[in-house]
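Peer 1: Structure incoming, see below.
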Amino acid sequence: MMRMTLADSLMLLVINHDEIIGIVVDRPLLAPNVAPANESPKEVLIYNHNESPQVPHAPEYIFFYGHKAPKQGGETPISSSVELFHRAQQEIPDFVNQLAEKGILSKVTYKTDKQYTGGSTLKQAFGKEIQDGDNEATKRAKIEAQIARYGRGKHTTWEWTDDGVVLTHRLPAIRTQPGTDLPTLFTGLAAYYKNVRVNAAAGRNVTQQLFGDGTPIPEEYLAALARITDEIRVLHRWQRGDVLVYDNIIAQHGREPWQGEQADRVVMASLFDGQVPGAYISEDWAQVVQALEG
Ligand SMILES: [Fe+2]
């Protein structure tokens, strides 16, 4: 799935982030940069997506390690987001033009308590500096300091609520691959679309994705993305010991439901920063930046 030079490999050893600022899932660390890929129930379909498309700080490389494989189901899909862009440009060009021009407004709700099984808490997302005994003002200041690490100025705003905070990011859904400049559709839109239709239990997205001008994205476009993805993806059937490596800029992953017990499938994930993707159009909001250390 991935073309990696020796320089890239060495970079991985140097740039080793085991965090996603503003993570939306519960990913408890078992060892440095090793955590279960996803803790949501086995019935839940996690449809294809690039990792962390809803926030400005996404990893560039993802390693999955299969420790326990279920007898039936639980495959990990692989699909090309370069191909997804190409197909979408051919089949739904109006959508691609609008995405390019407007980008995405991604509204992510964080709450003090977990919002669903497998979801993160506000503290997991932004609270790593919070200490027991911090008062409300100190907690907020510490959370805002984490948000500032995105380094996106006015393109990331936030609003405090009674039980958490809602972040709004203006983000590019189309990015480019460093080296080739190929456009890639970096998105979780098909996954959001599928989630509310397929997963009765999960059913609700904590992220709302609109066009960058705040208008809703017509469902027919989301359905088309899901249909194209169905056609271009392959499913990796796990055997114990398998390792999958994804270049997150150009490849999407997900998780099929499985039968049997929850514990029948154990897949670990390690995430790494690398080079950030390039901008497809020259607007301020259309370029993601490397998050600040902290
Ligand atoms: Fe993921």
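The values are calculated or read from the model by the stated rules, or taken from the named source; none is laboratory data. Predicted, not measured: the structure shown is a model, and the values here were computed from it. Here the Cβ positions follow ideal geometry from the backbone for every residue, glycine too, while neighbour counts run over all protein chains shown. All accessible areas refer to the heavy atoms of the entire protein, side chains included, with ligands and DNA or RNA removed. Shrake-Rupley method; radii C 1.70, N 1.55, O 1.52, S 1.80 Å.
Peer 1: Taking region 123-132, which residues are surrounded by 15 or more Cβ atoms within 10 Å (Cβ to Cβ), touching a residue at least 60 places away in the same chain (Cβ under 8 Å) and out of contact with any strand residue (DSSP E or B) (no Cβ under 6 Å at 6 or more places or on another chain)?
Peer 2: Gln124, Phe126
Peer 1: For Glu101, only one of the following conditions fails: (1) outside any loop (DSSP other than H, G, I, E, B); (2) touching a residue at least 60 places away in the same chain (Cβ under 8 Å); (3) more than 20 Å from Ile217 (Cα to Cα); (4) not small (Gly, Ala, Ser). What is its number?
Peer 2: Among (1) outside any loop (DSSP other than H, G, I, E, B); (2) touching a residue at least 60 places away in the same chain (Cβ under 8 Å); (3) more than 20 Å from Ile217 (Cα to Cα); (4) not small (Gly, Ala, Ser), Glu101 violates only (3).
Peer 1: Take region 72-91 and flag every residue that is in contact with a helix residue (DSSP H, G or I) (Cβ under 7 Å, 6 or more places away or on another chain), open to solvent by 20 Å² or more (accessible area, probe 1.4 Å) and not in a helix (DSSP H, G or I).
Peer 2: Within region 72-91, just Ser80 meets the criteria.
Peer 1: Does Gln259 satisfy the criteria of being open to solvent by 50 Å² or more (accessible area, probe 1.4 Å), within 16 Å of the chain's Cα centre (by Cα) and within 24 Å of Gly118 (Cα to Cα)?
Peer 2: Taking the combined requirement at face value, the residue does not satisfy it.
Peer 1: Right, another one. Any idea which of Arg265, Arg240 is buried (at least 21 other Cβ atoms within 10 Å of the Cβ) and out of contact with any helix residue (DSSP H, G or I) (no Cβ under 9 Å at 6 or more places or on another chain)?
Peer 2: Being buried (at least 21 other Cβ atoms within 10 Å of the Cβ) and out of contact with any helix residue (DSSP H, G or I) (no Cβ under 9 Å at 6 or more places or on another chain) holds for just one of Arg265, Arg240, which is Arg265.
Peer 1: So, in region 268-291, of the ones that are out of contact with any His (no Cβ under 8 Å at 6 or more places or on another chain) and within 16 Å of the ligand (Cβ to nearest atom), which residue ends up most open to solvent (accessible area, probe 1.4 Å)?
Peer 2: Ser270
Peer 1: Okay, next question. Is it the case, given these coordinates, that Ala148 is under 21 Å from Ala226 (Cβ atoms), out of contact with any helix residue (DSSP H, G or I) (no Cβ under 6 Å at 6 or more places or on another chain) and among the aliphatic types (A, V, I, L, M)?
Peer 2: Judged against the criteria, Ala148 is not a match.
Residue-wise test of (1) polar (S, T, N, Q); (2) buried (at least 16 other Cβ atoms within 10 Å of the Cβ).
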residue: Lys102; (1), (2): no, yes
residue: Lys107; (1), (2): no, yes
residue: Thr121; (1), (2): yes, yes
residue: Asp134; (1), (2): no, no
residue: Arg170; (1), (2): no, yes
residue: Arg175; (1), (2): no, yes
residue: Gly188; (1), (2): no, yes
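Peer 1: Just name the residue that is farthest from the chain's Cα centre (by Cα) out of those in region 24-50 that are open to solvent by 20 Å² or more (accessible area, probe 1.4 Å), within 27 Å of Ile104 (Cα to Cα) and modelled with pLDDT of 90 or more.
Peer 2: Leu45
Peer 1: Pairs please, first residue from region 32-58 and free of Cβ contacts under 8 Å to residues at least 24 places away in the same chain, second anywhere and more than 9 Å from the ligand (Cβ to nearest atom) and assigned to a loop (DSSP other than H, G, I, E, B), Cβ atoms under 8 Å, 6+ apart in sequence or on different chains.
Peer 2: Close Cβ pairs satisfying both conditions: Pro32/Asp18.
Peer 1: Same structure, new question: Check region 166-180 and report whether any residue there is of a type in the set (Val, Ile, Thr) and part of a loop (DSSP other than H, G, I, E, B).
Peer 2: Looking through region 166-180, at least one residue is of a type in the set (Val, Ile, Thr) and part of a loop (DSSP other than H, G, I, E, B).
Peer 1: Only one residue in Tyr150, Tyr193 is part of a loop (DSSP other than H, G, I, E, B) and crowded, with 20+ Cβ neighbours inside 10 Å. Which one?
Peer 2: Exactly one residue qualifies, and that residue is Tyr150.
Peer 1: Which residues, taken from region 29-68, are more than 15 Å from the ligand (Cβ to nearest atom), farther than 18 Å from Phe272 by Cβ and out of contact with any strand residue (DSSP E or B) (no Cβ under 6 Å at 6 or more places or on another chain)?
Peer 2: Pro41, Glu43
Peer 1: Kindly provide the set of residues from region 19-28 that are of a type outside the set (A, V, I, L, M, F, W, C) and within 15 Å of the ligand (Cβ to nearest atom), ordered by number.
Peer 2: Listed by number, the residues that qualify are Glu19, Gly22, Asp26, Arg27.
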